Amino acid sequence: PLPDRAARPHAIVTGPDGALWFTEWGVGRLGRITTGGEIEEHPLEGAEPHGLTVGPDGAIWVAMESGALVQVS
């Protein structure tokens, strides 16, 4: 289970290091689960995060409900 039950995870991708990244659209954050099982949460500015992808350079990109794209790493 996620630390914040209101998180409402929506989308998930595997990052270049094998960690899993996911949107927490209910609370406006991006989550990450390391290969060791540790959960990290990163706040995002703006509207609810929905989709995400890994770019060709390994950067994580998040599509926000506002229509903006946010590069996270």
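Based on this model, can you work out whether V54 counts as free of Cβ contacts under 8 Å to residues at least 60 places away in the same chain, under 9 Å from the mean Cα position of the chain (by Cα) and open to solvent by 30 Å² or more (accessible area, probe 1.4 Å)? Answer is no for this residue.
Taken over the range 25-44, the residue count meeting the criterion of being over 18 Å from A59 (Cα atoms) and among the charged types (D, E, K, R) is 1.
The values are calculated or read from the model by the stated rules, or taken from the named source; none is laboratory data. If you're wondering where the values come from, they're calculated on a predicted model, not measured in any experiment. All Cβ positions, glycine included, derive from the backbone under ideal geometry; neighbour counts span all protein chains shown. Surface areas here come from the heavy atoms of the whole protein model, side chains and all, with no ligands, DNA or RNA. Shrake-Rupley method; radii C 1.70, N 1.55, O 1.52, S 1.80 Å.
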